[in-house]
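Peer 1: One structure coming up, written as structure tokens, with questions to follow.
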Amino acid sequence: MKPGEEIGERENSFLPKVVNASGETIDSCYQCRKCSAGCPVAYAMDILPHQIIRHIQYGHREKVLSCRTIWICASCYTCGVRCPNKVNIAGIMDTLRNMAINAGGKFGEKNVPVFHSVFLDAIKKGGRVYELGLIVQLKAKTREFLKDTALGWKMFRRGKIRLLPPPFSSKKEIREIFNVCEKGKRG
Amino acid sequence: MKEVSYYPGCSLHGTAREYDESCRGVSDLLGIKLSELKDWNCCGASSAHCTDKDLSIALAGRNLDIANKGGRELLVPCVACFSRLKAAEAETEKEGVPIRYALDFFSDEPVIEEIKKRLVRPLSGLKIVCYYGCLAVRPPQLTGVKEYENPQHMDKLMGAIGAEPLPWSYKTDCCGSSLMLVRTDIVKKLTGRILSMAREAEVDCIVVGCPICQANLDTRQGELASETGETYDLPIIYFTELIGLALGHRDVKKWLSRHIVDPVKVLSARGLI
Ligand code: SF4
Ligand code: SF4
């Protein structure tokens, strides 16, 4: 963050909320930056992992939930195993993404959240996911129609792309699971 | 004959078909019967845990319930599915059947002994690096892997079938995983690094045990080559395919024909196929 940059309101309940929802410790971070030093995707983030932790401590809810970092984090768990204080940032990132989605604001990264929602829709509809169905939906939503068509053709020729949805007969059960979770969220 | 439950997961019924086929093929030769879980559902993958924790646990949990009814150890080849199933197990704290990632399962001492007994074509002369990726080792509370910074079990397994695993420092670096389709730029940057390190080690191929790592490393080499002007042509082979080759499985060529970077060339240059 640049000096003097706007960081938004401070919200005192944010830290305890993140701690509660994630079940992770956040207080014990002493900003040694080991997490950020070993993060494979730090170069593409707008806020580094150790800074995310600091922002949570300060209650900068807006800043954290609208950043790009939470969508770029690849859940690789490298930071957590190396942290001297066992701060499991991958788990905390999950909580932040869940919160950002529930808050319904603008996301700091466009296509990653689109990918997740297309993926979950596919499970909700079919119980299982098949790549072609996923890619068709994804292209419709991201409008990147030409991306990877040559590669897709190569994979098709090698028998890697199935054309029809996989058989699955417990679709009702899966819809029920989604219903319960969606109801739970509306609380 | 030993019987275990089998959870293939979505990738193994799609782009990672050869991993499914080789898992089944190798188990067959070793006298292990795989019973696919009846009407298993998608484990939710990264999208469920990124979106809604309860949903990710419920989706994975449904599969665990089916497996627990069967009462048999559950074999899971896809490491991403394995990680989600283990996370659901930890969260629900239910006493259930053991959940085993295929690499761990085939690296068990008795299984390795069985493989050695049935070896028909040791892979001598084949230089490899073992790429474990993230979820095969991390988080260690879920995987149970003690040497998570420098794991050895795949190296040992590959050594047992006569291949020569070389040491390298990218065993557990991330490939970009589910950013594959939407932030391909990041995946290319990460896999480009892994591929160049393997090239520097002068190996014949990279050995993997995850459909996402395999796809990320295998499918972008053409683009990497044209963007950098360097050569990228390293085959990315599943450990089960190499075990199948060493055990003389008749379908090995079919499995290998599904790859983007052709593995047959280098294997035949080493006189193995
Ligand atoms: S490694 Fe741990 S203690 Fe160090 S900055 Fe990161 S979270 Fe904080
Ligand atoms: S889990 Fe996320 S933040 Fe941590 S090292 Fe991996 S990509 Fe970076």
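Peer 1: With a length cut of 24 Å (Cα positions projected on each helix's long axis) and a Kyte-Doolittle mean of at least -1.0, go through chain B and give me the DSSP H helices that pass.
Peer 2: Sorted by number, the helices that extend far enough and score high enough are B:53-70.
Peer 1: Which FRET efficiency value, to the nearest 0.05, is calculated for B:Arg118 and A:Leu146 with the Förster distance at 51 angstrom and r the Cβ-Cβ distance?
Peer 2: Calculated transfer efficiency: 0.60.
Peer 1: In addition: Percent of accessible area on chain A owned by carbon and sulfur, 1.4 Å probe?
Peer 2: 55
Peer 1: Pick from A:His116, A:His50, A:His60: which is most flexible by mean-square fluctuation in a GNM of chain A where alpha carbon atoms under 10 Å apart are linked?
Peer 2: Looking only at A:His116, A:His50, A:His60, the biggest GNM fluctuation is shown by A:His116.
Peer 1: Let me confirm one metric for peptide B:2-11, namely the mean number of other chain beta-carbon atoms within 10 Å of its residues' beta-carbons.
Peer 2: Rounded to a whole number, the mean comes out at 2.
Peer 1: Right, here's the next one. When N is the residue count of chain A, what does its C-alpha Rg come to as a fraction of 2.2 N^0.38 Å?
Peer 2: 1.20
Peer 1: Percent of Cα-Cα pairs more than 14 Å apart in segment A:112-186, please.
Peer 2: The answer is 67 percent, as a whole percent.
Peer 1: What percent do you get for the relative contact order of chain A when only Cα pairs under 8 Å and 6+ apart count?
Peer 2: Value for chain A: 18 percent.
Peer 1: Taking the Cα of A:Asn20, stepping 7 Å toward and past its beta carbon, and measuring to each backbone N in segment B:60-92: which are under 13 Å?
Peer 2: Hits in segment B:60-92 for A:Asn20 at 13 Å: none.
Peer 1: Let me know the charge dipole size of the protein assembly as shown about its Cα centre in debye, to the nearest 20, where only the beta-carbon of Lys, Arg (+1) and Asp, Glu (-1) is charged.
Peer 2: That gives the protein assembly as shown a dipole magnitude of about 900 debye.
Peer 1: Reported to two decimal places, what Rg/Rh ratio describes segment B:69-197 when computed on Cα atoms with Rh from the Kirkwood expression?
Peer 2: That ratio equals 1.00.
Peer 1: Further question on the same structure: If you average the alpha carbon positions of segment A:124-150 and of segment A:156-187, how far apart do those two centres end up, in angstrom?
Peer 2: That distance is 14 Å.
Peer 1: Oh, and also: Nearest 100 Å² is fine: how much accessible area is buried between B and A, summed over both sides, with a 1.4 Å probe?
Peer 2: Using a 1.4 Å probe on protein heavy atoms, the buried area is about 4800 Å².
Peer 1: To test your reading of the geometry: what angle, between 0 and 90 degrees and rounded to tens, separates the Cα axis of helix A:111-126 from the longest principal axis of chain A?
Peer 2: Roughly 50 degrees, rounded to the nearest 10.
Peer 1: Write down Rg/Rh for the protein assembly as shown, rounded to two decimals, with Rg from the C-alpha atoms and Rh from the Kirkwood relation over Cα pairs.
Peer 2: The Rg/Rh ratio comes out at 0.96.
Peer 1: I've got another one for you. Give the Kirkwood hydrodynamic radius (Å, one decimal) of segment B:117-191, defined as one over the mean of 1/r across all pairs of different Cα atoms.
Peer 2: This gives a value of 14.0 Å.
Peer 1: Under 13 Å from a point 7 Å along the Cα-to-Cβ line of A:Lys183: which residues of segment A:96-129 have their amide N that close?
Peer 2: none
Peer 1: Among B:Gln152, B:Gln214, B:Gln141, whose mean-square fluctuation peaks in a Gaussian network model of chain B (Cα, cutoff 10 Å)?
Peer 2: Greatest mean-square fluctuation among the candidates belongs to B:Gln141.
Peer 1: Evaluate peptide B:184-192: per residue, the Cβ atoms of other protein chains within 10 Å of its Cβ; return the mean as an integer.
Peer 2: 2
Peer 1: How large is the accessible surface per residue of segment A:14-103, computed with a 1.4 Å probe and reported in Å² as a whole number?
Peer 2: 39
Peer 1: For a test of the definition: using alpha carbon positions, the gyration tensor, and the 1.5 limit on a/c, classify chain B as rounded, prolate or oblate.
Peer 2: Oblate, because a/c is 1.5 or more while a/b does not exceed b/c.
Peer 1: Here's a follow-up. May I ask you to derive the relative contact order of chain B, considering only C-alpha pairs under 8 Å and at least 6 residues apart, and to give it as an integer percent?
Peer 2: Contact order relative to length: 20 percent.
Peer 1: For segment B:2-106, what size does the Cα cloud have along each of its three principal axes, sorted from largest down, in whole Å?
Peer 2: 40, 31, 24
Peer 1: Taking the mean number of other Cβ atoms within 10 Å as a proxy for protection, how do you rank B:235-248, B:105-118 from highest to lowest?
Peer 2: Ranking the peptides B:235-248, B:105-118 by packing returns B:235-248, B:105-118.
Peer 1: Right, something else. Using a 10 Å cut-off around each Cβ of peptide A:113-122, what is the average number of partner chain Cβ atoms that fall inside?
Peer 2: Mean shielding count: 5.
The values are calculated or read from the model by the stated rules, or taken from the named source; none is laboratory data. Note that the structure is a prediction, hence the values are computed from the model and not measured. Quick reminder, even Gly has a Cβ in these numbers, built from the backbone with ideal geometry, and neighbours come from all protein chains shown. Quick note on the areas: whole protein, heavy atoms, side chains included, nothing else; ligands and nucleic acids left out. Shrake-Rupley method; radii C 1.70, N 1.55, O 1.52, S 1.80 Å.
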